[in-house]
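Input: a single structure, listed below in structure tokens.
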Amino acid sequence: MSHITYGRTLDTAKDAMGAAIAAYEEDRNEDYCVKVYSDFSEPDDIPVPLLFREEKDMPEIEKLALDQCKGKILDVGAGAGSHALALQKRGKDVTAMDISSLAVDTMKKRGIQNVIAGNIYDYDGQKFDTLLMLMNGIGLVGTLEGLAEFLVKAKNFIQKDGQIIFDSSDIIHLFEDEDGSYLIDLTAEYYGQIQYWMEFGDLKGDKFDWLYVSYPVLEEYAAVAGYKVNLIHVGDLNHYLVSLTLSND
């Protein structure tokens, strides 16, 4: 078993998601939820047991993503580690990474062999054949500017014939009016850039930026950064799964 740390991890006093994951691993309380707040909608709840599901209980888009994984795999933002654990059970060479030390400790308890605590932006270790970023894991780039920066930096993380697999959504439907028009300020920032903060019990996390990027916009940014986009699946509400590979042009 290997455990490596790169850069800083989250302050445990503000790590609501990590605290929820650790608490559920400890006592399996099926009622645990993380309260999610945003700057544009009503609060939402993430049931913590959802983060511990087995492969048979995962949605189709996640199973398809696991099928596409090859070679040495890095599961970025692995959370409770369910995707990494599913890949490990398939006999894959997978490493799980999360910025939450509480989540990383939980993944080790769940039996994941290779874990990294830290921020993907601080990583400077071996290269991988697959970067996996599920449950809109690409959202961690925060903004479209962050997406452009990440796609360039990600070339340091993958082999020349490697790939980045992730899902995202076009959330424009959230801005649709009753007459079918869209209430979007075209002079404002991209509508898919959302600010969130989370709570678990009395623990409150800091605000953070999260990105939902539409497929056409992703195609533009991927092309500029030198990637080919393979569209693997499109689900409800423009939820899509892609694999990005480096262009030979």
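The values are calculated or read from the model by the stated rules, or taken from the named source; none is laboratory data. Not measured: the values here are computed from a predicted model. Counting neighbours? That spans all protein chains shown, and the Cβs are built from the backbone with ideal geometry, glycine included. Only protein heavy atoms, including side chains, enter the accessible area calculation; ligands, DNA and RNA are left aside. Shrake-Rupley method; radii C 1.70, N 1.55, O 1.52, S 1.80 Å.
Observations on the structure shown:
- Rounded to 5, percent antiparallel among DSSP beta bridges of the chain: 60 percent
- The charge dipole of region 92-249, taken about its Cα centre with unit charges on the Cβ of Lys, Arg, Asp and Glu (plus for the first two, minus for the last two), comes to roughly 1020 debye.
- Computed [θ] at 222 nm, deg cm²/dmol, the chain (DSSP H ≥ 4; -39,500 (n - 2.57); rounded to nearest 500): -7000 deg cm²/dmol
- Between Ile232 and His173, the modelled labels are 2.1 nm apart [label points 7 Å from Cα along Cα→Cβ].
- Normalised by the number of residues in the chain, the average gap of Cα pairs under 8 Å and 6 or more apart makes the relative contact order 22 percent.
- Fraction of accessible area attributable to carbon and sulfur, the chain (%, probe 1.4 Å): 47 percent
- For the pair Lys204 and Arg53, a Förster radius of 25 Å applied to the C-beta separation gives a FRET efficiency near 0.45, rounded to the nearest 0.05.
- Relative contact order for region 1-144, counting Cα pairs under 8 Å that sit 6 or more residues apart, in percent: 30 percent
- Region 30-109 versus region 142-169: alpha-carbon centroid distance in Å: 19 Å
- Convex hull volume of the Cα atoms of region 90-249, normalised per residue: 161 Å³.
- For Lys92 and Tyr215, the FRET efficiency from 1/(1 + (r/R0)^6), where r spans their Cβ atoms and R0 equals 22 Å, is about 0.20.
- Per-pair calculated FRET efficiency, R0 = 41 Å: Glu42 and Val224 via Cβ, rounded to 0.05: 0.70
- The modelled label-to-label distance between Thr12 and Lys35, using points 7 Å beyond Cα along the C-beta direction, is 2.4 nm.
- Pairs with C-alpha atoms separated by more than 23 Å, drawn from the list Lys108/Lys153; Lys63/Lys89; Lys63/Lys153, are Lys108/Lys153; Lys63/Lys153.
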